[in-house]
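Notes follow once the structure below has been shown.
Throughout, read-outs are computed from the coordinates displayed, never taken from laboratory work. All figures in this text were calculated on a predicted structure; none of them were measured in a lab. Cβ placement follows ideal geometry from the backbone for every residue including glycine, while neighbour counts extend to all protein chains displayed.
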Amino acid sequence: MFTSDLPGAPMSNGTVCCVVRSWLTGHRLVSLPFSDHCEPLVNGPEELNSLLSLLTQQQGNCGWRYVELRPRSSFDREQSGFKPERTFYFHSLDLRGSLESLFRNFHKDCVQRKIHRAEREALTYEAGRSELTLEKFYHLMLLTRRRHQLPPQPLIWFRNLITCLGDRLKIRVASKDGQPIAGILTLQHKGTLVYKYGCSDARFHKMGGMAMLFWKAIQEAKRAGLDEFDLGRSDCDNPGLVAFKDHWGTTRSMLTYLRYPAQRSGSERERERMHLAKRVFSHVPDGVLAMTGRLLYRHMG
């Protein structure tokens, strides 16, 4: 935690950060790794400027490659030295209306009919944090990450999340005749339900498993008295995912990550390496893909 308050004074502002130490991607300070957004807690622009100034000083003193902030809201950074690094779409759903009004706002073809299709297919639903539920979810995660040409998060990462977060974490799985076909992992914080991970078997997409899981999550959030469903960030060049989230009657805004000092533009050689790596990831066996995730994931975030 960084704060601009004097030592011994009551804390009135701050931002939570983690130091990422990696021989592969470099040492850096991030607020927060593996989080879609993390808002600095300040009481106005003066405190914010003091906090940003502190972070820039620490970057030089500690020798970090850069400092990255992931605020949900935009703020004046003209004098801070922080520059926009990456931009995403962010979707959230206001849960304060009735379930009936929420359902009416879903896209008729892309959401409502898929929920009804899942009912006709007699898909089964399970939710929890057991090892068996996690194994079903992780099998679907392997399929999805291969489809996206990326290594998966390590299985131990999800086990650690379950251990640390307990009943604030829930895995939901939809199955057809005992075969898992879709899964989502959500987190709960205060009045917000957060959609963190989703995965599926592409052979069963038409059955509406993912739509059923989102609708179940929304219904459960309403029963728990939650106010918001945070659907997280989406890459701006991923129109399929952006459209999927738009169809739930969400509000779309922008997430802009900030970095100090500014990043140099990537080279053509780096882009070629990433393209080659994705081609390899799409063809290696599951065991090798999972091992790659275990080796690389600690360097990401």
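Couple of notes before you dig in:
- Cβ-placed point charges (K, R +1; D, E -1), dipole of the stretch 1-68 about Cα centre in debye, nearest 20: 380
- Among Cys18, Cys199, Cys164, Cys38, the ranking by other beta carbons within 10 Å of each residue's beta carbon, starting with the fewest, stands as Cys164, Cys18, Cys38, Cys199.
- Relative contact order [Cα under 8 Å, 6+ residues apart], the chain, whole percent: 26
- Remark on Cys38: its backbone amide H falls under 5 Å from those of Leu32, Arg70, Arg72, a criterion applied only to residues 5 or more positions apart or on other chains, H modelled at 1.01 Å from N.
- 3J(HN,Hα) along the stretch 101-109, derived from phi through the Karplus expression 6.51 cos²θ - 1.76 cosθ + 1.60 where θ = phi - 60°, amounts to 5, 4, 4, 4, 7, 5, 4, 4, 7 Hz, with x in place of Gly and Pro.
- Radius 14 Å from Cβ of Ser282, net charge of other residues (Lys, Arg +1; Asp, Glu -1): +4
- A Cβ-based charge dipole, computed about the Cα centre of the stretch 90-255 with Lys and Arg at +1 and Asp and Glu at -1, lands at about 160 debye.
- Rounded, prolate or oblate (a/c below 1.5 giving rounded, otherwise prolate when a/b exceeds b/c) for the stretch 50-159 by Cα gyration tensor: oblate
- The percentage of C-alpha pairs in the stretch 193-259 whose separation is greater than 15 Å is 61%.
- Dipole magnitude of the stretch 76-173 about its Cα centre (Cβ charges: Lys, Arg +1; Asp, Glu -1), debye to nearest 20: 280
- Per-residue HN-Hα couplings for the stretch 277-291 [Karplus 6.51, -1.76, 1.60; θ = phi - 60°; Hz; x = Gly/Pro]: 4, 5, 5, 5, 4, 6, 10, 6, x, 4, x, 5, 4, 5, 5
- The stretch 90-255 shape via C-alpha gyration tensor axes, a/c threshold 1.5: rounded
- Zone of His139's modelled label, taken as backbone nitrogen in the stretch 154-192 under 16 Å from a point 7 Å along Cα→Cβ: 172-184
- For the chain, calculated [θ]222 nm from helices alone, where every DSSP H run of n ≥ 4 adds -39500 (n - 2.57): -11500 deg cm²/dmol
- Of the peptides 280-289, 244-253, 210-219, the order by per-residue mean of other Cβ atoms within 10 Å, starting with the highest, comes out as 210-219, 244-253, 280-289.
- Listed candidates (i) 19.2, 59; (ii) 18.8, 55; (iii) 20.7, 63 - label of the one calculated as Rg and Dmax of the Cα atoms in Å: (iii)
- The mean sequence separation of alpha-carbon pairs under 8 Å and at least six residues apart, normalised by the residue count of the stretch 90-255, gives a relative contact order of 37 percent.
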